[in-house]
1. Can you run down the residue pairs with Cβ atoms below 7 Å, 6 or more apart or on separate chains, where the first is in region 170-182 and farther than 13 Å from residue 18 by Cβ and the partner is outside any loop (DSSP other than H, G, I, E, B) and of a type in the set (A, V, I, L, M)?
2. Does residue 161 satisfy the criteria of being of a type outside the set (A, V, I, L, M, F, W, C) and at pLDDT below 90?
3. Do we have residue 128 as within 30 Å of residue 66 (Cβ to Cβ) and out of contact with any Gly (no Cβ under 8 Å at 6 or more places or on another chain) here?
4. Would you tally the residues in region 113-128 being at pLDDT below 90 and farther than 19 Å from residue 164 by Cβ?
5. Residue by residue through region 89-113, note down the ones that are basic (Lys, Arg) and farther than 18 Å from residue 30 by Cβ.
6. List the strands (runs of 3 or more DSSP E) that sit entirely inside region 30-140 and contain at least 3 residues that are under 30 Å from residue 178 (Cβ atoms) and open to solvent by less than 50 Å² (accessible area, probe 1.4 Å).
Amino acid sequence: MWSSLHKRLSRRKRSGADMLQSDLAKNPFHPFQLGLTYGDRSRVFTLRVAYKERFFAQLVAFVTGAIILIMLASDIHKDTSIFVYLNLIFWQNCAIIVTFRNDRIYILDENSATYSFVVGQRSCSGTYHNIYIRLSKENTQGQPLSSITPPQYHLVLDGVKIDQQRITKCSCSDLKLLRKLGQKLAKNLNINYFDEANVLQP
């Protein structure tokens, strides 16, 4: 148990680039998983991502639901606005859970050079030149000069009619290494890579 905890704490101290480099050593297509279709046996890469809003809503609904049950069991819900307020929060978060119940699924079909983005019954698709890995710079606008650290960067999966998905778990200042890893991942997936310098600023 202690060794597992130590590994987790050590991993948190590492930069986003170091963690990505380790993940790519284990899986060269990270965060995608490689699978074979049963039809034409072509290479297909799949990434399934759950909405963070769903996890937060589940936590809030669980806590408020437990409090509501305690109030009902203790018979202290009568003539109190807190009980009504907790019910409102509970049902609002239940609605959020239903709204974000489906995972986001990104599919890359190497044989046809097409991608698909699926959320429940909604889906869209396009060709490989419309999906890419992009190096992105953290926005430091509005921060006081004394708190601004060296520029921080991260990698994202982006494209036409898809939700942008962050690839690196956290940002880092090692631009050279992160650029190298982004280009390597894009090459492994056979999609485009765009550097932060190639992105037009508003």
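The values are calculated or read from the model by the stated rules, or taken from the named source; none is laboratory data. Since the model is a prediction, treat every value here as computed from it, not as a measurement. Ideal geometry is used to build each Cβ from the backbone, glycine not excepted, and the neighbour counts take in all protein chains shown. To get the accessible areas, we keep the full protein, side chains included, count just its heavy atoms, and leave off ligands, DNA and RNA. Shrake-Rupley method; radii C 1.70, N 1.55, O 1.52, S 1.80 Å.
1. Note: pairs meeting the criteria are 179/135; 182/133; 182/135; 182/155.
2. Details: of a type outside the set (A, V, I, L, M, F, W, C): yes; at pLDDT below 90: no.
No: the conditions fail for residue 161.
3. On the way: within 30 Å of residue 66 (Cβ to Cβ): no; out of contact with any Gly (no Cβ under 8 Å at 6 or more places or on another chain): yes.
It is false that residue 128 is within 30 Å of residue 66 (Cβ to Cβ) and out of contact with any Gly (no Cβ under 8 Å at 6 or more places or on another chain).
4. Matching residues across region 113-128 total 1.
5. To start, the set of residues in region 89-113 that are basic (Lys, Arg) comprises 101, 104.
Hit for region 89-113 is 101, nothing else.
6. On the way: elements: 33-36, 43-49, 104-109, 114-119, 122-127, 131-137.
In region 30-140, the matching strands (runs of 3 or more DSSP E) lie at 43-49, 104-109, 114-119, 131-137.
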